[in-house]
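Engineer: Below you will find the structure I want to go over with you.
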Amino acid sequence: MNMLNAASETPNPFKRFCDVVALIYHEARNVRHLVRKGLFQEQQWRFLISLPINREDAWDKISAVRGEACKQSSADGVLRVFQNRFRVSLHDLREMFANQNWRHAKSYGGNAWAGITDLAMALSDAIRKDRADEANELLAKLEIARHNTGSLSEKLAKLENGRDTQDAKKHC
């Protein structure tokens, strides 16, 4: 299950957590803009910067990591998979997104992602502590969380639909 499921279905907080973390790392590839301006050191962010610029191609690469992360048995395991691949933690990403140099970015990156990352870290904690009600509340907040160009659930839907389209074209 992912954030796109009908409300009548029982949400799977762990799977949704994997989706949200993947989306945060996907957005974090835009750190390249701040690196180019000399505001961040390239070395720390090189694994995110190495992702394709094209959002669908980048999502395809991230989806492979997400698949591995979803095989884990804990929220910490999910975070470890992403951190091992990209060499930055969710906390590092939160600090990067909170950087004031994002405030004029209109179509990528930005301070709104710091708040989204905060929600994801809280969700990780709720899953870790087996607090189902709290996890479900956080998931509801994440589904409607707004960033530069819409809600998280809208962004995930666009990326997943683009991926389905790419897969269909490969098989034609």
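The values are calculated or read from the model by the stated rules, or taken from the named source; none is laboratory data. For clarity, every value in this text was computed on a predicted model and none was experimentally measured. Neighbour counts are summed over all protein chains in view; Cβ atoms, including those assigned to glycine, are modelled from backbone coordinates with ideal geometry.
Engineer: I need the full set of residues from the range 136-151 which are touching a residue at least 60 places away in the same chain (Cβ under 8 Å) and of a type in the set (Asp, Glu), in order please.
Structural biologist: Glu143
Engineer: In the range 52-62, which residue that is touching a residue at least 24 places away in the same chain (Cβ under 8 Å) and closer than 14 Å to Phe86 by Cβ is nearest to the chain's Cα centre (by Cα)?
Structural biologist: It comes out as Ile62.
Engineer: Being acidic (Asp, Glu), within 28 Å of Asn136 (Cβ to Cβ) and at pLDDT below 95 is the requirement here; does Glu27 meet it?
Structural biologist: yes
Engineer: Scan Ala75, Ala135, Ala120, Ala98 and give me the residue that is of a type in the set (A, V, I, L, M) and either surrounded by fewer than 21 Cβ atoms within 10 Å (Cβ to Cβ) or closer than 19 Å to Phe47 by Cα (or both). Break it down stepwise before answering.
Structural biologist: Numbers: Ala75 fails: either surrounded by fewer than 21 Cβ atoms within 10 Å (Cβ to Cβ) or closer than 19 Å to Phe47 by Cα (or both); Ala135 fails: either surrounded by fewer than 21 Cβ atoms within 10 Å (Cβ to Cβ) or closer than 19 Å to Phe47 by Cα (or both); Ala120 fails: either surrounded by fewer than 21 Cβ atoms within 10 Å (Cβ to Cβ) or closer than 19 Å to Phe47 by Cα (or both).
Only one candidate passes the filter, namely Ala98.
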